[in-house]
Amino acid sequence: MKNKNTVLLLGVASILILISVQVFIIIGIWKQKNEAFTLKYTVLSKDALTYISRRMPSDGFDTVRLLLSSYSVKANKELHSITDPSALAEKKSDVLTYFNKVISQEQYLSGMLASFFERAGFDNKFKVQIVINSLEMIDQDTIVVYRNSDFNFRRMQTTTTKPGNAFKKRPMIFVNWYASEDNNYRLLFDYYIDFSDRNKLILKEMSGSLGLSNLSIILVGIMFMITYRNLQEERRLSNLKTDFINNMTHELKTPLSTITVAGKTLEMPQIRGDDSKILETAKLIGKQSVHLNQLINMILEISMWERTQFQLDKKKVDIGEVMNDIVDSFKNGGGNSALITKKYDLTGTQVDLDVVYFTTLLNNLLSNAVKYSDKEPEIDIEGFTTDNTVCIRVTDNGIGISKIDQKHIFDKFYRATTGNIHKFKGLGLGLYYVKKIAEAHGGDVTVSSRIGKGSTFTVTLPTA
C-alpha cells in the first residue's frame, strides 16, 4: 500500500510540475506576444503618420481646431469673469469636458490610420482615446484649466507606449502628441489607440503553442493513468498468482500426505497380514491419486486454454436429461447434504453440448453453492427457453458476493475474501472454468448476488 501511494503521489506531483512549467511558459509567451503587439502597432502608427504628413493635406484635426477656436472665445470670457472659486472649478470642468469631446468625436485621423492599417494587412478595428495634458485659456492673464500631474515626464518620453494611470487596466498604444494654440487657448494632448479585441488577436497567434501545450499535458495524463492502471493490474495478478500457488501447495499436500501415510501403513507387519486392510489402504491410495491427478490436469488445462481455443466434442443432446443426470449424481456424491429443488422442464430441448465440459460447469456451480453456505444449503435450479436460447439459473442461500467481488469472480485465480482472509478453501478456478465453458459453447454466464442473501448464476446456451 505504501509503494502504491508513493507511485501515485510521484505521478501526480510530476503532472503538477509539468502543468506549472507549461503555465509559466504560456505566461512568458503571452507577455512577449503582448509586447510585440504593442511594438508592431507603435511602429505601424509612426509609419502611418509619416505617410499622412507627406501625402495628405491635413493631419486630421482641422475641424477640431475650428470648433475649439470658436468655443474658446466665449469660454475665455466666462472664465475670466467668474470670481467664486467653486463656480470657477465647475466651469473649468465643463470646458475640459467639451474640449475632450470635440477632439475625440470630430477628429478624422482615426479613419486615415484605419485605412493605412488595412492596406498594410493589419487589424484596423480600434478605438481612440484622447489624453489632455495641458489646457490653458489665454487673455490678459492665463487661466490653467487643466494640467496633467505627470505632464513633464510624458512630454520628455514622447515615444512611450505606456498609458497614464487612467488606462492601466487596458493598455493603450501611444500614437503621437499634438499641440494646438490660438489667441484664446493653448492645448497639448496625446493621441492613443485601443484594440478591444487585443486579447483575442494574441490568443489567435498563440493558438498553436496553447494547443501543443494542452495536448502534451493530456497525453502525459493519459499515459500516467494507463501506466498506473497496468501497474495496479499487474500487482493484482501477482497477488492472485501468489494466492493460487499457496492454495495449490496446500491442495497438493493433502493427497500427497495421505498417500505417504498409506504407503507407510502398508509396510507395517500387522497390515501386510490382513488382506482387507491392504485392500482398504490401496483404495485410499487410488482415490487420493485420482484427486492428485485431477489437480495436475486442472493446471495443465489452464495452460492449454490460454494457448489455444480448446476443442469441444459437441453432440446434440436432450438438455433436460443431461441436467437430471448431473444433479442426481451430485446429490449422491458431494451434494448429499444440500436440499436441491428442480424447477425446470427442459425435456425435449436439444442443445449442442460437450457433455463432459457441461458437467464440469454445472458441478462447479452446485459445489460453490454448497461450499459457500454458512447454513444448510438450499439450491434451486431453474431452466427455460427463450429466443433460441436455454437459460439455466442456479440460486443458493449462501453468504452472497459483494458488488466489488462480482466484477472479478470470473477472473482466473480470483477468490472472494472475508476481510483479509479466505474463509473457504479453493483455487479460484471454478467460476473461471464456468465462464470459459459457457463462452466456448457460444453462451455466457452472469451473476446476481447480495451479501447474506445468497447468489444466482444464470447460464445461457444456444439451442440446437
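Can you find a residue that is outside any helix (DSSP H, G or I) and within 22 Å of Gly443 (Cα to Cα) anywhere in region 354-368? Scanning region 354-368 turns up at least one residue that is outside any helix (DSSP H, G or I) and within 22 Å of Gly443 (Cα to Cα). Of the candidates Asn336, Asn324, the single residue that is of a type outside the set (A, V, I, L, M) and at pLDDT below 80 is Asn336. Set side by side, the residues Thr260, Thr254, Thr281 differ, and just one is in a helix (DSSP H, G or I) and at pLDDT below 80, which is Thr254. Scanning region 55-72 for residues that are among the hydrophobic types (A, V, I, L, M, F, W, C) and modelled with pLDDT of 90 or more, we see that the one that is surrounded by the fewest Cβ atoms within 10 Å (Cβ to Cβ) is Leu66.
Scanning region 28-61 for residues that are among the polar types (S, T, N, Q) and more than 28 Å from Lys101 (Cα to Cα) returns Gln32, Asn34.
Does Ser104 meet the test of being more than 60 Å from the chain's Cα centre (by Cα), polar (S, T, N, Q) and surrounded by fewer than 18 Cβ atoms within 10 Å (Cβ to Cβ)? Spelling it out, it is not the case that Ser104 is more than 60 Å from the chain's Cα centre (by Cα), polar (S, T, N, Q) and surrounded by fewer than 18 Cβ atoms within 10 Å (Cβ to Cβ). Does region 79-90 hold any residues that are out of contact with any strand residue (DSSP E or B) (no Cβ under 9 Å at 6 or more places or on another chain) and surrounded by 15 or more Cβ atoms within 10 Å (Cβ to Cβ), and which are they? Passing the criteria: only Ile82.
Criterion applied to Val7, Val12 was being in a helix (DSSP H, G or I), touching a Leu at 6+ places or on another chain (Cβ under 7 Å), modelled with pLDDT under 90 and among the aliphatic types (A, V, I, L, M), and the one residue passing it is Val7. Residues considered: Ala438, Ala369. Of these, the only one that is at pLDDT 85 or above, of a type outside the set (Lys, Arg) and in contact with a Leu (Cβ under 8 Å, 6 or more places away or on another chain) is Ala438. For region 189-207, which positions are in contact (Cβ under 8 Å) with a residue 24 or more places away in the chain and within 26 Å of Leu49 (Cα to Cα)? Result: Phe189, Asp190, Tyr191, Tyr192, Ile193, Asp194, Phe195, Ser196, Asp197, Arg198, Leu201, Ile202. Selection of region 386-415 for residues being out of contact with any helix residue (DSSP H, G or I) (no Cβ under 9 Å at 6 or more places or on another chain) and among the polar types (S, T, N, Q) yields Thr386, Asn388, Thr389, Ser402, Gln406.
The values are calculated or read from the model by the stated rules, or taken from the named source; none is laboratory data. Note that the structure is predicted; figures quoted are calculated from it, not measured. Note: ideal-geometry Cβ built from the backbone for every residue, glycine included; neighbour counts use all protein chains shown.
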